[in-house]
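**Q** Would you mind keeping the following structure in view while I ask a few things?
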Amino acid sequence: MVRQNNFEDKPEERPIMMRPFGAAAAVAFLVLLVYPIAHAVGEDSSDAQETAQEAKPPLPEKSKITGQSPEEVEKSAPKGTLRNPYTDDTEKIKEGRQLFLSYSCNGCHGGTGGGGICPPLSNDVWVYGSDDDTLFRLVTLGSDKLQAEGYYRQGMETVVAPMPPFGPLIKSDDELWKIIAFIRSVYDGDPKRRNW
C-alpha cells in the first residue's frame, strides 16, 4: 500500500507554501525583490519618454492673419510653417463652430466632429497628419490635391471619403484658422499626442 502524505504527522515536511504564514512570506519576499527592479525599469522608460517628448521639434511661430484666401496663403507659405494663431482661444472657437456649420463641414464630419461619411475629428487618428500646417492645407486643397503635393496617408479610419477642396469657398485665412480652432477643441484623444 502506498502511503499518502497529508503532512499531518510531520508538519516540517510541508512545502513552504503549505506552512502557516508561508504563502504570505513568499509573496512578501517576491514583492520586495521584484518591486525595486520593476520600479527602476519604469523610471528608465518614463525618463526615455520625457526625453522623447523634449526632443520634439519646436512648433513654428503662430501665423499672422493676412486676410488672404486660404489658397493664396497655402501657395505662399513653405511647408511646415503654418500654425494656428487661435488655438485655445474661446471666442475664436465659438466663431469657428459657427463657420464649421455654415460651410457644412458637419454634413460629413458630424455636428460635433464625431464623424459621419468622413473621419471623426475628435480622436487620435489624423489621416494625413495632425499638425496645423497639414490640416490647413488639407482643408484648402482637398485630399486628392494634397496627395499630389506629396502628402500621404499616415492613419486609417473605417470611413474614408475624400476631402473636397474648401479653399475656393472659405473667404480668408482668418475663417479657416477659426474652423481649425474649433476642430482642435473637440479633440478628446491622448493629450500627449497634441502637437498644436
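Read-outs throughout are calculated quantities, based only on the coordinates presented, and are distinct from any laboratory measurement. Since we're looking at a predicted model, the values are computed, not measured. Methodologically, a virtual Cβ is constructed for each residue, glycine included, from the backbone with ideal geometry; neighbour enumeration extends over all protein chains shown.
**Q** Place a label point 7 angstrom from the Cα of Met156 along the Cα-to-Cβ direction, then list the residues of segment 106-142 whose backbone nitrogen is under 18 Å away.
**A** 118-120, 124-129
**Q** Same structure, new question: Taking the Cβ of Leu176 as the center, what net charge do the other residues with Cβ under 11 Å away carry, scoring Lys and Arg +1 and Asp and Glu -1?
**A** -3
**Q** What spacing in nm lies between the two simple spin-label points modelled at Asp144 and Lys192, each 7 Å away from Cα in the Cβ direction?
**A** 4.0
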